[in-house]
Amino acid sequence: MIWKGENFKTGTTHKVGFAINENLVLAWYCPTRPEPATTKEYQENVCKNDGTCADPTYLCTKDGYDKCYNDMARTAHNKKRTEHCAAAFAGDTAMAKEMQRMLNEKQAPTKPADRAALYKGCQENFYTAPAGTSDKDVMNKNLATDSWYGKKSAYNFASGASASG
């Protein structure tokens with residue numbers, strides 16, 4: 001019924017029409033959603049079970065990690081992987097929660113020795129947005145993914161390490 005979001009084209013007029021025939025009511029809503037709609041925008045349009053509208057930050061982070069960002073970044077990574085015939089990544093909620101905990105404690109980049117045993121062997125990329133980049137852009141665009149992918153020429157695929165160390 002109601003779409004919030006920033007991806008509507010400028011000047012978009014939201015329209016609704018109704019038809020009724022005895023006990024049937026039909027409604028059309030145009031446009032139906034922002035284009036393209038992001039996971040975060042879908043979640044922003046949901047209300048809590050108690051009927052109050054949910055804060056988008058709450059919807060994305062209520063489980064101890066940012067589900068919206070994880071979904072967006074994993075989709076962007078998998079799109080790049082498809083270009084190279086690599087299998088898609090699956091999401092790992094427990095890993096995301098552990099990473100968020102460490103990042104919240106300012107442990108970034110992380111040290112494998114400080115990680116839970118299950119994650120000690122994981123490789124890590126760390127992204128710091130350039131000066132002047134808004135937090136909103138970091139959260140809603142794939143800046144980190146694009147930056148990491150842009151450095152693929154510095155990666156030694158034979159050794160599995162960055163050419164810079």
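Each reported figure results from applying straightforward, stated rules to the coordinates on display, with no laboratory input. All values derive from a computational prediction rather than experimental measurement. Counting neighbours? That spans all protein chains shown, and the Cβs are built from the backbone with ideal geometry, glycine included.
Take the residue pairs K79/K136; K62/K97; K97/K151; K106/K152 and return only those whose Cα atoms are more than 20 Å apart.
Values: K79/K136 22 Å; K62/K97 11 Å; K97/K151 27 Å; K106/K152 27 Å.
Among K79/K136; K62/K97; K97/K151; K106/K152, the Cα-Cα distance tops 20 Å for K79/K136; K97/K151; K106/K152.
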Inset, instruction - Compare the peptides 82-88, 60-66 by average per-residue count of other Cβ atoms within 10 angstrom and give them in order, highest first. - result: 60-66, 82-88
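Of the listed peptides 143-152, 130-139, what is their order by residue-averaged count of other C-beta atoms within 10 Å, with the highest listed first?
Details: 143-152: 14.3, 130-139: 9.8.
By packing density, highest mean first, the sequence is 143-152, 130-139.
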Legend entry - Spacing of the two label points (7 Å from each Cα toward its C-beta) at Y149 and L103, in nm: 1.9
Legend entry - Sites D63 and E124 - FRET efficiency at Förster radius 22 Å, r taken between beta-carbons, to 0.05: 0.50
Legend entry - Potential extension, A131-A90 segment - 0.36 nm per residue separation minus Cα distance: 11.6 nm
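If we sort 68-75, 116-123 on the protection proxy, mean other Cβ atoms within 10 Å, highest first, what's the order? Intermediate values should be presented prior to the final figure.
On the way: 68-75: 18.4, 116-123: 10.5.
Top to bottom by mean Cβ count within 10 Å: 68-75, 116-123.
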Inset, instruction - Could you calculate the contour length gain from F18 to N156, that is, 0.36 nm times the residue separation minus the distance between their Cα atoms, to one decimal place in nm? - result: 43.6 nm
Inset, instruction - List every residue whose amide H lies under 5 Å from the amide H of Y155, counting only residues 5 or more places away in sequence or on a different chain, with H placed 1.01 Å from N in the peptide plane. - result: A163
